[in-house]
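The values are calculated or read from the model by the stated rules, or taken from the named source; none is laboratory data. All values derive from a computational prediction rather than experimental measurement. A quick note on method: Cβ atoms are made from the backbone with ideal geometry, for glycine too, and the neighbour counts reach across all protein chains shown.
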Amino acid sequence: MTLWVWAELRQMAREAAVERMGDRTDLAGQVAIAFHQPQDLQKMEMRYLKAAGQFTQMVDQTKARLQRMAAEVAKAKPVPQE
């Protein structure tokens, strides 16, 4: 049992190391894109927000804020010109 647990822990450590290596490689690619093609980085950010489920929430919040601003502007009285 002890040998099996040790082997499982070693395998988990190897998998975690490979995952960290992939994360670092991905980050390096994003940095290169940010310097050479910033518009592509913005596309990647939008894909992330959609995948994380935050894009719709962000759009809804922006829409509500703009509607409040439009209502405030509509209520505003013009300042008389002298």
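Evaluate the following for residue 27: is it at negative phi, in contact with a helix residue (DSSP H, G or I) (Cβ under 6 Å, 6 or more places away or on another chain) and not polar (S, T, N, Q)?
No: the conditions fail for residue 27.
Given the options 31, 5, name the one that is within 15 Å of the chain's Cα centre (by Cα), outside the structural domain of residue 55 (by TED's automatic domain parsing) and either surrounded by 10 or more Cβ atoms within 10 Å (Cβ to Cβ) or among the aliphatic types (A, V, I, L, M) (or both).
Testing whether each residue is within 15 Å of the chain's Cα centre (by Cα), outside the structural domain of residue 55 (by TED's automatic domain parsing) and either surrounded by 10 or more Cβ atoms within 10 Å (Cβ to Cβ) or among the aliphatic types (A, V, I, L, M) (or both) leaves just 31.
All but one of (1) over 26 Å from the mean Cα position of the chain (by Cα); (2) surrounded by 11 or more Cβ atoms within 10 Å (Cβ to Cβ); (3) of a type outside the set (S, T, N, Q) hold for residue 73; state the number of the condition that does not hold.
Of (1) over 26 Å from the mean Cα position of the chain (by Cα); (2) surrounded by 11 or more Cβ atoms within 10 Å (Cβ to Cβ); (3) of a type outside the set (S, T, N, Q), only one is false for residue 73: (2).
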